[in-house]
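Notes for the one structure printed next.
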Amino acid sequence: MTTADQQPRVTMEEITALAKRRGFIFGSSEIYGGIGGFFDYGPLGAILKRNVKNAWWREMVELRDDVVGFDSSIVMHPNTWVASGHVAAFHDKLVDCRNCKHRFRADHLPSLEKCPDCGMTGTLTEPRNFNLMMQTAIGPMEDSASRAYLRPETAQGIFVNFKNIYQSARKRPPFGVAQIGKSFRNEITPGNFTFRQREFEQAELEYFVPDDGNDLRWYAEWVAARKKWYSDYGVREERLRFYELSDSERPHYAKAGTDVEYLFPWGWGELESIAHRGTYDLDAHMKLSGKDLTYFDEATKSKYVPILIESSAGMDRTTLTMLIDAYASEEIADESGKVSSRIVLRFHPKIAPVQAGVFPLARNKPDLVERARAIERDLRSTVRTQYDEGNVGQLYRRQDEIGTPYCIMIDFQTLEDGMVTVRDRDSMSQDRVSAAQLRAYLAERL
Ligand code: GAP
């Protein structure tokens with residue numbers, strides 16, 4: 001059951017069309033026919049995604065004194081993935097059709113009797129394990145000694161560096177390490193636009209706590225902090241759920257786990273997983289590497305392996321969520337009562353790629369153009385601006401479609417009295433504001 005607020009107001013066809021038309025997201029290497037599971041962010045999409053990542057980094061690292069940042073390499077020593085369990089167990093079960101040669105995830109098939117694509121019975125192979133890690137070869141020889149993997153998660157870079165980090169940053173549990181970076185998984189069935197990709201970006205926080213009985217409290221605090229983050233950046237509460245994993249849904253070493261899910265047009269999909277992972281990860285690396293990754297507490301002269309609380313969010317999925325959640329198509333009436341429709345992205349002002357559009361009322365009047373350009377340049381240092389010119393109706397439509405919260409129109413009156421018109425994206429109301437006050441006016445609202 002979905003409530004009225006949860007009903008999708010947009011289809012994925014509308015989102016992908018808008019993403020392409022306005023330069024948010026394109027399929028990778030389209031001129032060669034594309035490549036499944038890979039995407040490129042256009043001029044506006046690159047800013048949108050960067051804003052999402054900056055919002056995460058700001059809250060998770062910069063505004064806290066108990067979290068430090070990190071940036072590890074994508075290719076790591078292959079033993080990393082032996083210790084982490086990815087070599088042995090990062091598998092999907094795969095089934096091939098001997099007739100049409102199509103390949104499926106076994107858990108996506110209603111039965112193993114009949115191929116869902118060509119309809120033949122008895123043509124599907126037995127399920128086989130398919131490792132999702134992408135391989136590459138290091139150096140000029142392509143033998144097994146040079147085989148390496150593109151990381152399937154960023155977290156392991158933090159675990160293997162645990163000692164380097166706490167010693168150099170002089171941190172004592174409870175403290176966290178945060179990283180945003182690319183990860184790669186050879187997904188059998190990439191799809192739903194950027195939801196399931198083969199190359200994607202993760203934002204991961206690994207929070208190390210002492211074994212003093214407060215671990216579940218820390219876990220609950222992180223679930224609450226992440227709930228607040230989505231709410232602060234405007235994701236609708238009624239389309240977000242925090243799904244608590246049952247004992248049988250969690251790995252054996254995990255004491256608790258929550259999946260953050262968003263109601264996409266095709267149904268609920270995971271944005272993030274938050275987990276209490278015990279000492280599993282550090283233990284595994286200590287065992288295989290033979291190196292000591294315990295924390296030595298100078299105050300108590302004791303050493304211990306800290307317990308780990310992890311929050312692992314997908315930045316592409318979060319960016320897609322922002323696009324879908326912001327989307328509205330609505331009928332509007334002008335002063336004469338004439339009704340037309342507009343598409344508007346109601347981005348949170350901190351996330352919006354452009355925060356203020358600045359236009360001259362007429363593009364063939366050098367005085368207006370010059371004044372508009374000067375105002376736009378002046379705002380640039382504090383606001384993400386865009387100068388544009390053309391038909392007024394089209395200018396507003398374009399800015400609505402890219403989610404610009406404020407549009408500033410410079411008209412003939414401006415040249416006389418220094419006042420400009422500021423239009424609000426959501427209410428479409430207009431204010432006359434002194435150009436000298438613009439910066440303060442926008443600062444208050446953005
Ligand atoms: N270190 C824990 C970890 O990687 P995960 O649940 O496998 O956990 C975390 O991944 C997040 O990474 C997911 O919630 C999702 O947002 C993102 N993610 C995972 N696979 C993805 C894919 N194929 N395409 C896009 N995002 C993906």
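Miscellaneous remarks
- Packing-based ranking, highest mean first, of 275-281, 39-45 given that Cβ atoms within 10 Å are counted: 275-281, 39-45
- The order of the peptides 145-154, 344-353, 428-437 by mean Cβ neighbours within 10 Å, most packed first, is 344-353, 145-154, 428-437.
- When the square roots of the Cα gyration tensor eigenvalues are ordered a ≥ b ≥ c, the ratio a/c for segment 316-366 is 1.5 or more and a/b does not exceed b/c, which makes its shape oblate.
- Across segment 292-304, rounded Karplus estimates of 3J(HN,Hα) from the backbone phi angles (6.51 cos²θ - 1.76 cosθ + 1.60, θ = phi - 60°) give 8, 10, 6, 9, 9, 8, 4, 5, 9, 6, 10, 10, 7 Hz, Gly and Pro being marked x.
- Angstrom value of the Kirkwood radius, inverse mean 1/r, which spans all Cα pairs in segment 1-103: 18.8 Å
- Whole-Hz couplings from phi, Karplus 6.51/-1.76/1.60, listed for segment 316-330; x for Gly and Pro: 6, 5, 5, 4, 4, 4, 4, 5, 5, 5, 7, 6, 9, 10, 9
- Around the amide H of Tyr387, modelled in the peptide plane, lie the amide H atoms of Val358, all under 5 Å away and 5 or more residues distant in sequence or on another chain.
- Met133, Met322 arranged by Cβ crowding within 10 Å, fewest neighbours leading: Met133, Met322
- Contour excess over end-to-end distance, with Cα ends at Glu298 and Glu330 and 0.36 nm allotted per residue: 5.3 nm
- For segment 34-174, size of Cβ-based charge dipole, Lys and Arg +1, Asp and Glu -1, in debye: 260 debye
- Of the peptides 328-339, 397-408, 116-127, the ranking by mean beta-carbon count within 10 Å, highest at the top, reads 397-408, 116-127, 328-339.
- For segment 255-305: Kirkwood Rh in Å [reciprocal of mean 1/r, alpha carbons]: 14.0 Å
- Calculated diffusion of the chain, Stokes-Einstein form, Kirkwood radius summed over Cα pairs, 10 °C and 1.306 mPa s, µm²/s: 64 µm²/s
- Pairwise centroid distance, computed over Cα atoms, of segment 148-222 with segment 416-444, Å: 43 Å
- Estimated [θ] at 222 nm from DSSP helical runs (n ≥ 4, -39500 (n - 2.57)) normalised by residues in the chain, nearest 500: -8500 deg cm²/dmol
- Which listed pairs, of Lys53/Lys228; Lys227/Lys350; Lys182/Lys287, have C-alpha distances above 20 Å, in listed order: Lys182/Lys287
- Here's the picture: charge each Lys and Arg Cβ at +1 and each Asp and Glu Cβ at -1 in segment 26-119, and of Phe38, Cys115, Val82 the one pushed furthest to the positive end of that dipole is Cys115.
- 5 Å-binned pair-distance histogram of segment 38-95 (Cα, whole percent): 4, 13, 12, 12, 14, 18, 19, 7, 1, 0
- Given +1 at the Cβ of Lys and Arg, -1 at the Cβ of Asp and Glu and no other charges, the dipole of the chain around its Cα centre is 680 debye to the nearest 20.
- Centre separation in Å (Cα based) which lies between segment 364-402 and segment 61-101: 45 Å
- Cα centroid separation - segment 224-274 against segment 116-136, whole Å: 30 Å
- Which of Tyr280, Tyr149, Phe412, positive extreme of dipole for the chain (C-beta unit charges): Tyr149
- Gain in span if fully extended, Ser231 to Ser29, counting 0.36 nm per residue against the direct Cα distance: 69.2 nm
- Positive contributions from Lys and Arg (+1) and negative ones from Asp and Glu (-1), summed over other residues with Cβ under 10 Å from the Cβ of Lys49, come out at 0.
- Unpaired Cys in the chain, meaning no second Cys C-beta under 4.7 Å: Cys407.
- Cα gyration tensor category, rounded, prolate or oblate, for segment 113-215 with a/c compared to 1.5: prolate
Rule-based calculations on the coordinates, nothing more; no lab input. Keep in mind it's a predicted model, so treat the numbers as computed, not measured. So basically every Cβ, Gly included, is an ideal-geometry build from the backbone, and we count neighbours across all protein chains shown.
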